[in-house]
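Below is one structure, written out as structure tokens, with a few remarks after it.
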Amino acid sequence: MKLPFTPSAIAAAALAAAGLLALPLATHGTPAARAAALPSVDMEATVKAAQIDPRRADDTRTPGAEASVLLVEQALRDRDLLDPRWVDGYFGTTTIAAYAKYQKSLGYTGLDANGLPGKTSLAKLGTDRFRVTRTLTPGDRVSDGGVVLNTRTRSMLAEAERLFGRAFVIEQGSYNPGGDPTSAGTHDGGGVVDLSVAGMTPADRTAAARALRRVGFAAWVRSPRQGDWPWHIHAAAISDTDLSSQAQHQVGDYYLGLDGLAARGPDDGPKVTIRTWEEYRRR
């Protein structure tokens with residue numbers, strides 16, 4: 001019986017068996033297999049670096065983020081949005097600006113082009129280059145007691161209230177451009193709230209700030225001696241990808257042990273292990 005093989009087919013099969021020639025299925029595989037073979041970008045680590053690195057006095061890399069940041073920067077470089085000399089694993093102001101340009105190239109505006117990697121834009125940037133793991137999303141905007149929050153912030157507040165043992169009264173919410181001028185734009189985006197301390201003792205204020213910090217807020221008790229405002233608690237949700245640029249700076253300063261004010265003084269709040277909301281839920 002004649003075998004249905006040509007000499008060239010037999011040679012190709014021999015090469016494949018020797019590992020010198022991959023058969024089509026091994027070369028291409030399924031879409032899922034191809035995606036799994038790509039390097040990964042840890043979105044949580046990347047967003048953390050994008051908040052901290054621009055506020056550093058040096059070029060120290062954010063621990064656990066350098067490899068992911070490098071992949072993002074390489075993709076921005078290949079789109080001619082980032083000079084090759086800045087492809088260094090450090091998500092500084094130049095990389096923030098390059099990522100904002102990329103977001104604008106996708107048609108995004110406002111908070112969607114704030115330079116912080118968002119879930120959709122990061123996935124598009126990584127097409128055929130990297131896959132995105134540990135994704136973040138602020139969730140939908142909702143009204144809560146007459147103020148606007150996103151669902152991530154609302155969930156964080158609910159857990160902080162549970163830890164504190166009483167409900168908070170929100171004086172100013174998020175997505176509030178043109179609001180209180182003393183806020184200096186921190187409430188223009190998502191993730192930021194001012195809470196009333198009416199009826200609280202000094203110990204209560206500290207306990208409230210501690211509860212907020214434990215669930216992933218950069219939170220401080222603000223007093224009249226610090227600015228033109230009454231006593232209140234100011235809180236910014238770490239790694240909320242809708243943060244305004246001013247709020248991004250506050251979060252970065254919090255990681256660096258500062259008070260989130262313009263003078264960049266030492267942190268005067270309760271000391272806790274800094275965690276994001278996602279890290280708190282996984283602990």
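Read the figures in this text as sums done on the coordinates, not as results from a lab. Worth saying up front: this structure is predicted, and the values here are computed from it rather than measured. Reconstructed Cβ throughout: ideal geometry from the backbone, glycine too, with neighbour counts over all protein chains shown.
Report summary: the helix-based calculation at 222 nm, which adds -39500 (n - 2.57) for every DSSP H run with n ≥ 4 and divides by the residues of the chain, gives -11500 deg cm²/dmol. Within region 129-234, the chymotrypsin sites (Phe, Trp or Tyr not before Pro) that combine a DSSP coil assignment with at most 16 other C-beta atoms in a 10 angstrom radius are Trp231. Going 7 Å from the Cα of Gln226 toward and past its Cβ, which residues in region 253-283 have a backbone nitrogen under 12 Å from where you end up? What the label zone holds, given the 12 Å backbone N cut-off, is 254, 258-270. When the trypsin sites (Lys or Arg not before Pro) in region 133-226 are filtered for DSSP coil states and for at most 13 other beta-carbon atoms within 10 Å of their beta-carbon, the remaining sites are Arg166.
In terms of other Cβ atoms within 10 Å, Ile233, Ile170 run from fewest to most in the order Ile170, Ile233. Applied to region 126-139, the Karplus parametrisation 6.51 cos²θ - 1.76 cosθ + 1.60 on θ = phi - 60° returns per-residue 3J(HN,Hα) values of x, 3, 6, 10, 8, 9, 9, 10, 6, 6, 10, 8, x, x Hz, with x for Gly and Pro. For Tyr102, neighbours were defined as the other residues whose beta-carbon sits under 15 Å from its Cβ, and their charges (Lys and Arg +1, Asp and Glu -1) total +2.
If you take all other residues with their beta carbon under 12 Å from the beta carbon of Val221, and give Lys and Arg +1 and Asp and Glu -1, the sum is 0. Count the net charge of all other residues whose Cβ sits under 15 Å from the Cβ of Arg55, scoring Lys and Arg as +1 and Asp and Glu as -1. Summing Lys and Arg as +1 and Asp and Glu as -1 gives -2.
The simple spin-label model puts a point 7 Å past each Cα toward its Cβ; for Thr201 and Arg166 those points are separated by 1.1 nm. Of all the C-alpha pairs in region 37-133, what % are more than 19 Å from each other? Result: 32 percent of Cα pairs exceed 19 Å. Compactness of the chain is given as radius of gyration and Dmax, 23.9, 98 Å, from Cα positions. Taking every lysine pair in the chain that is 8 or more places apart or spans two chains, those with Cα atoms closer than 26 Å amount to 9.
Directionally averaged projected area (region 191-274, Cα convex hull): 5.2 nm².
Histogrammed with a bin width of 5 Å, the alpha carbon distances of region 130-267 distribute as 2, 11, 21, 25, 22, 13, 4, 1, 1, 0, 0 percent, first bin at zero.
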